[in-house]
Every structure is written in C-alpha cells, then in structure tokens.
Amino acid sequence: MKKLFFALALALGVSFSFTSCDYNQLVEQQETVNSAWSNVENQYQRRMDLIPNLVNTVKGYAAHEENTLKEVVEMRSKAASITLNVDDMDDEALAKFQKAQDQLSQGLGRLMAVSEAYPDLKANENFLQLQAQLEGTENRIAVERRNYNDIAKEYNTAIAKFPTMIYAGWFGFKKKPYFSAQEGAEYAPTVQF
Amino acid sequence: MKRIFSSILALGFVFAATALNLPEKTDKMVNDFAGVFSYQQVYDMEQRLEAFSDSTSNQICIVTIADLEDLESSDYAQRLGEKWGVGSSNKKAKDNGVIILIKPRNEYGGGDVAIATGYGIEGVLPDATCKMLIEKVMIPELKEGRYYEAVEAAVMRIMPIMQGEYDFSKDELQQSAQKQSSGNQSYFWVIVLLGVGIWLIIRFAGRKKRALMSGIENAKSPEELEKAIAAAREGKVKDSKIDSAKAKVPENMFNSLRNAASPAAFATLAAAATAMGLGADRIANLEGNMRENTLSDLRSSSSREEVLENTSRARAFGNDEAAIKAAAAAALAAIAAAAIAAAAAARRSNSSSSSSSSSSSAGFGGFGGGHFGGGGASGKF
C-alpha cells in the first residue's frame, strides 16, 4: 500500500514537471515572436532613416514636385508617431500601424515615379544609392513581415491547443495579430540603364 | 477588379507561399536550370565556387531559371537562398551566402538579374554595391547574351569582398560546431534522475520482507522451515505471502535433490523432503534416474571447475569410469570450442566499431543552412 502511494506521488511529480516544460516552451515561443516583431520594426525604422536624405536629394533637382515631397514627409512623421507595444498588440493596433506604413509606401512610390522625369536626378550617384537602399529595405520589410506572420502563427497555434489553452490565459499569453496584405501598393519599377 | 486581384495575390505572398514551385536544392554551386551555360562553363565555375566554399566557408550560388513564377527576381532569389540554406549556420561564419539569379530573355518576358545576400554578408556587400555590380558589371554583358561572362565578372569581384569578412576553412568551422553542440541537456538529466530514483525505490522497497520470504522458500529441513516462518511472522510478512512461500518449498526441495552431490546427501535431503510435503513416488523416481542425470550434467558442464565437480559427483552416483571419461572429454571439447568462437566474435565487433568513425572532411559538403533577409539588389535587361 505504501509502495503504491509512493509510486502515485512520483508519477504526479513527473507529470507536473512535464507541464512546467510546456510553460517554459510558451515563454520561449513568445520571446521568438517578440524578437520577430522587433525585426519588423527595425526594417521599418531603416526605411524611415533613409527618407530625409532621399527627400533632400530629390529637392535639389525636382523642386517643382513640392507637393509630392511634402506628402512623403507628412506621411513619414505620421508613421513614426504610431508606436506599438509588443506585449499589448491586438488586431486593431497592428492594423492602424500597418495602414500608416502602407500609406508611406504609396507616397514613396509616387515620389519614385515622379523622379523618372528628371534625367539629371536619375544620374545622380547619391540618388542611385538611396534608391538601391530603399529597394533593399522594401525587400527586407517584406521578408521580416512574412517571418513574423509565420512565427506568430506557430505561437497562436500553440496557445490554442489542448491542454495548453487552459492555462495560457492564466499566465497572460495572448494571441498575436497578423500582418494583412498590402492594399495594392505597387512599388515603382527600377530604373533602367 | 484589378485591385482585388492584386490584393488577393499579395495575400498569398504575405502568408507562406507554399503554392510556389521553387526548385529543390541540388547542393551544387552552379544551377543552370535555364540552360544558358555550356557544360565546360558549369564545370569550371562549380570547381571554383566549391573550392572557395571549402577554403573560406563563403558560398556563392549561381542560379539561372526560365520562369520567375510571377515573383520579383530579388524576392525569388531571397526565397531560394532561404530554402536551400546557402551559406553557413556556424556562429563564426553565420549566413555567409550569396545567390546570383538570372532569368534570361525568353518567352516569359524580359531578362531579370538579382543578387541576394545572406544576413552575414549584408555588411560588406550592401545593397548599393550589389546594385552597382548589377548595373555596371553584369547588365552590359547580359544585354549581349553573354551570361557566363556576366556571372564570372560578378563572382571575381564578390569573392575578395566576401573573403574580407569571412575567411574560415571547413575544418575550422567543423571544430567550432562540435563545441557548440552541448545543447539543452538539463531536462534530459532531470528525467534520467527521476527514472533512477523510481527504479531504486522499487528495488529496495521491501527488501527485508523479500529476504524473509526466501528464507522460507529455501528451507532445507522442517526445523529450518518452522524457524523461517516464525521469523517472517515477526517481520510482519502477510500470512498470504507466507503461505505462497510455503507452497514453493516442495518444488525447491526437489531441485536440491536433483543437484545432490552424493548418494548420502541425497538420502538426507530425501528424508527432509518427505517431511516437507514432497511426494514419495517422485523421490523414488528421481533416485532411480540420478545415475544418468549426473552423467548428463557432466557432459553439459560449462567450465573446467564444473567438470571436476561433476566428475566426482558422477562417480559417487555409480557411473563407470569409461562413461565418465567420455563425458568429461566431450565437455572439455565443447568448452574449448566455445572459447574460440567468443574470441572471434569479440575481434569482429572491435574492428567494425573502429572502422565506422571515418573522416567526413573530404569534398564539398553542400549548403550549410544560411539565412537570407532580403538584402541585395536586382535589375532588368
């Protein structure tokens, strides 16, 4: 009888240690999502940092395009003002953030299209460099958004599964939102030589 | 309508593009899927790039493809690099891969070229440099249809740039990779210790009681039996367990009789056995067979000591010398043969285990699992 009691106690202890493994795994997964999110933020920030230089370069050659330039500057500051707290993200907050960034993308697209009409600008070394950097950054943003979506999907699946779903709420593991498709933002084609 | 269509298309790209038909990795540095290089060109470039990979761990992968499947060339190149894992995953030379992708002018449209850099190369080969390489070095050649020359010119410039950042040979990386692989063993050990604890408890719990019960089972005379039962009762062994131990006694007595060392010992044990419940006819039957039993025991002895013991035993139970000698000889021969077989088996297992640890450093080992973040540049021709 005593042996049975011991065995039961041991079995319970072992099973508890396995569920605590689950908790640790959730913590790890959440941190992975957070780091994926910060990667996305970094790339968006990189784009922000390129814009002042770009605006100045274009201004030097295409002063007439004041409106387009002003638009870009405005949208940039609007996008910069929307910050997201990674622990507190929900679908709404992310949608707002994404909308602002997508509008900035559209503004940049228009700026690039407009620059096509200025051959001096197109030959400017600085402009070419900035353009290459901008293209690269847009690529990186797309890649990191895709990565974030994949990782968030894994995390959301993990906290929704049984039995994890029971205690995920107690410990504050919330569902993470996804990036949605960009609204028809076709970026300008690259300059041809 | 177009807007809906393009946003549906974009949605497909935002979530995992599993419908995409990227080619499977070939673990070759030159992949001429579009067929624009000659066999000799592929061979030459492959040698050069594999050697570069072996001596510096940097991996430059060339891919020509006929159809970009509606993706931008830089997007396609990044996805391909990520899928194939071009570049190393070793901490010392992390993500040091580059993909040069060319889609020639064909029925699917104009020409596209892209250079995609792994995370680790983005620093030394930034987007602007890639753009310059594409526009100034590659596109002039590509426009003339000189695909190999374009690639060669780019590769010649890229190699020293990459080497400036990473210059580790494969062996260096292998050694550092082995150090990294200690991994998360803490959970493993917790489970092992738990298992050992459980095993120990099961084994040692009730050891005393089991000893008392075996005292009953192995009693060799009625007096021993009584004493053992009394001791067991004192040690709080349950009555049911005592009874089941008692039930095993006659059979144990029979076994002891069977293994008796001499007719005298047999007789003593036989008396005790009858008293403890072993059937008299069984004892008589056994007595009759003891002469043959001891002879066959001798024949099946498995060591020299056993042979000696069983020889005197067989003699005591009345076997004649000739039979004893024959049986002993047979036993000794069998023992010797067994020893030779065991030695041969041991030698075979030793040699097989030593030959399995062959070296793996010879030759290009394929892509190392590097990652691509979207850096690089692209162009059209």
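The values are calculated or read from the model by the stated rules, or taken from the named source; none is laboratory data. All values reported here derive from a predicted model rather than from experimental measurement. Here the Cβ positions follow ideal geometry from the backbone for every residue, glycine too, while neighbour counts run over all protein chains shown. Areas reflect the complete protein model, heavy atoms only, side chains present, ligands, DNA and RNA absent. Shrake-Rupley method; radii C 1.70, N 1.55, O 1.52, S 1.80 Å.
So in region B:256-274, with the set limited to residues that are polar (S, T, N, Q) and open to solvent by 60 Å² or more (accessible area, probe 1.4 Å), which one is farthest from residue B:335 (Cα to Cα)? Explain how you work it out, then say what you get.
Of the residues in region B:256-274, the ones polar (S, T, N, Q) are B:256, B:259, B:262, B:268, B:274.
Narrowing the set further to residues that are open to solvent by 60 Å² or more (accessible area, probe 1.4 Å) leaves B:259, B:268, B:274.
Working: B:259: 21, B:268: 33, B:274: 38 Å.
Across region B:256-274, the extreme among qualifying residues is B:274.
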Quiz prompt | Matching residues in region B:153-167 - criterion: being in contact with a Lys or Arg (Cβ under 9 Å, 6 or more places away or on another chain) and modelled with pLDDT of 85 or more | solution = B:155, B:159
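Determine, yes or no, whether residue B:261 is in a helix (DSSP H, G or I) and not polar (S, T, N, Q). Explain how you work it out, then say what you get.
On the way: in a helix (DSSP H, G or I): no; not polar (S, T, N, Q): yes.
So residue B:261 fails the test.
When you go through A:77, A:81 one by one, which is the residue that is away from every other protein chain (no Cβ under 14 Å), open to solvent by 20 Å² or more (accessible area, probe 1.4 Å) and closer than 27 Å to residue B:127 by Cβ?
Criteria check complete, one pass: A:77.
Run down A:158, A:93, A:79, A:123 and say which single residue is among the small types (Gly, Ala, Ser) and at pLDDT 90 or above. Outline the logic, then answer.
Values: A:158 fails: at pLDDT 90 or above; A:93 fails: at pLDDT 90 or above; A:123 fails: at pLDDT 90 or above.
Just a single option satisfies the conditions, and that option is A:79.
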Quiz item: Within region B:37-73, which residues are in a helix (DSSP H, G or I), in contact with a strand residue (DSSP E or B) (Cβ under 8 Å, 6 or more places away or on another chain) and within 11 Å of residue B:364 (Cα to Cα)?
Solution: B:46, B:49, B:52, B:53
Practice problem: Count, please, the residues in region A:97-151 that happen to be within 8 Å of chain B (Cβ to nearest Cβ), among the acidic types (Asp, Glu) and open to solvent by 50 Å² or more (accessible area, probe 1.4 Å). | Solution: 1
Quiz item: Taking region A:62-74, which residues are modelled with pLDDT of 85 or more and buried (at least 16 other Cβ atoms within 10 Å of the Cβ)?
Solution: A:68, A:69, A:71, A:72
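List the helices (runs of 4 or more DSSP H) inside region B:79-190, counting only whole elements, that have at least 1 residues being away from every other protein chain (no Cβ under 14 Å) and farther than 27 Å from residue A:43 by Cβ.
Details: elements: B:127-132, B:139-143, B:147-165, B:170-180.
In region B:79-190, the matching helices (runs of 4 or more DSSP H) lie at B:147-165, B:170-180.
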Practice problem: Give just the number: which of (1) within 30 Å of residue A:4 (Cβ to Cβ); (2) touching a Pro at 6+ places or on another chain (Cβ under 9 Å) does residue B:243 not satisfy? | Solution: (2)
Quiz prompt | Residue list for region B:114-144, restricted to those being open to solvent by less than 10 Å² (accessible area, probe 1.4 Å) and among the polar types (S, T, N, Q) | solution = B:117
Quiz item: Which ones in region A:143-181 are in a helix (DSSP H, G or I) and of a type in the set (Phe, Trp, Tyr)?
Solution: A:148, A:155, A:167
Quiz item: Here are some conditions: (1) among the small types (Gly, Ala, Ser); (2) in contact with a Ser or Thr (Cβ under 7 Å, 6 or more places away or on another chain); (3) free of Cβ contacts under 8 Å to residues at least 40 places away in the same chain. Residue B:109 meets all but one. Which one does it not meet?
Solution: (2)
